[in-house]
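Here the structure is laid out as structure tokens; the discussion comes afterwards.
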Amino acid sequence: MNIAFFKKPIGKRLFILAVLGGILLALYFKLTNFNKDNRDLSVAILEDLGTLEIETIFHVLPALVFALPFLLFILNTGDFVYSEYETKGVIVLTRLQDKRIWYWRMMFNIFKLSFFYLAILFISFIFTGILLGYSVEFTYLKEVLFLYILSLLTWTAFSVLSNVVCFITRSGLGYVSVITIYFVSLFSSAFIYDVFPTGQKWIIWFPTSQQIISWHDFSLNLGESAFRLGSYTLEFSFVYLFVLNIIIGVWLYIVIHRYESYEEG
């Protein structure tokens with residue numbers, strides 16, 4: 001890991017939050033795990049960080065616990081590019097012949113923040129799980145890696161979108177709209193499940209659904225819920241999020257360019 005990441009204020013905050021988040025989630029899983037005989041750490045990771053039983057979303061608390069790591073991340077990165085532009089960007093951009101260099105640097109920084117935050121969160125969860133008696137078997141290592149990648153792409157997309165909103169509204173409150181989209185996506189999925197069971201195929205198109213690995217169609221049953229969407233593959237979510245990140249990334253570039261032109265005018 002890049003040590004310089006932890007020297008910056010945002011890096012220090014995310015490091016502390018990721019460590020605490022991993023510990024708290026591991027303890028929460030230990031206390032609430034319905035399958036007390038499970039000692040496989042990979043299953044614990046998948047059931048705690050990648051599972052949300054759709055029947056419990058309207059109970060609110062399970063949805064909040066599931067969303068907690070994301071909320072801590074987006075509250076710290078949701079205005080990252082906007083703040084960088086307002087404090088340093090204007091000066092830096094006047095010195096650059098190709099302003100796209102600054103933009104790509106900001107995109108890489110958001111990706112890096114998401115990458116390190118999730119890595120520390122997973123590592124913290126793993127070490128806490130080992131202390132709680134789980135064995136490092138990693139029977140489902142491939143699925144754990146997919147969960148990490150899907151979470152990385154999901155959170156990066158939401159963070160970039162939050163910064164887009166910041167530039168559009170000329171405020172640092174983009175995370176409010178993104179958090180709203182996140183929970184509307186979750187509760188819409190639960191609403192469709194309860195009220196329109198024949199329309200459950202549309203759940204796969206909500207952005208938040210992509211990181212909920214228990215809703216995907218693969219061999220491992222996670223949690224107590226039997227809910228699973230047929231033909232909803234991990235590969236579909238990867239392609240979905242990859243395309244989504246490109247679209248939102250291009251949108252951010254256009255918004256920054258227009259914002260800069262507005263200020264110059």
Find the relative contact order for the chain and round it to a whole percent, using C-alpha pairs within less than 8 Å whose residues are 6+ positions apart. 27
Rounded to the nearest 10 Å², the accessible area of residue 125 at probe 1.4 Å: 0
Can you give me the accessible area per residue for the chain, using a 1.4 Å probe, in Å²? 49
Express in nm, to one decimal, how much length is gained between residue 184 and residue 135 on full extension, taking 0.36 nm for each residue of separation and deducting their alpha carbon distance. 14.0 nm
Find the all-direction average of the projected area of the Cα convex hull for the range 43-152, expressing the result in square nanometres with one decimal place. 9.3
Based on the alpha-carbon gyration tensor of the range 124-218 and its eigenvalue square roots a ≥ b ≥ c, which shape applies: rounded if a/c is under 1.5, prolate if not and a/b is larger than b/c, or oblate? oblate
Measure of exposure for residue 136: accessible area at 1.4 Å probe, Å² rounded to 10, is 90
Quick shape check on the range 98-171: root eigenvalues a ≥ b ≥ c of the Cα gyration tensor, a/c under 1.5 is rounded, otherwise prolate if a/b tops b/c, else oblate, and it reads prolate
Roughly to the nearest percent, how much of the accessible area of the chain is carbon and sulfur, given a 1.4 Å probe? 68
Given pairs 88/142; 12/88; 8/30; 7/142 and cut-off 30 Å on Cα-Cα distance, the over-length ones are 88/142; 8/30; 7/142
Could you tell me which of 257, 183, 229 has its Cα farthest along the dipole of the range 127-259 towards the positive end, charges placed at Cβ (Lys, Arg +1; Asp, Glu -1), taken about the Cα centre? 257
Please work out the ratio of the alpha-carbon Rg of the chain to 2.2 N^0.38 Å and round it to two decimals. 1.05
Toy charge model, Lys and Arg Cβ at +1, Asp and Glu Cβ at -1: the chain dipole around Cα centroid in debye, rounded to 20, equals 860
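The values are calculated or read from the model by the stated rules, or taken from the named source; none is laboratory data. On a predicted model such as this, the values are computed, not experimentally measured, just so you know. Positions of Cβ are generated from backbone atoms using ideal geometry, with glycine treated the same way; all protein chains shown enter the neighbour counts. Surface accessibility is based on the protein's heavy atoms, side chains included, excluding ligands, DNA and RNA. Shrake-Rupley method; radii C 1.70, N 1.55, O 1.52, S 1.80 Å.
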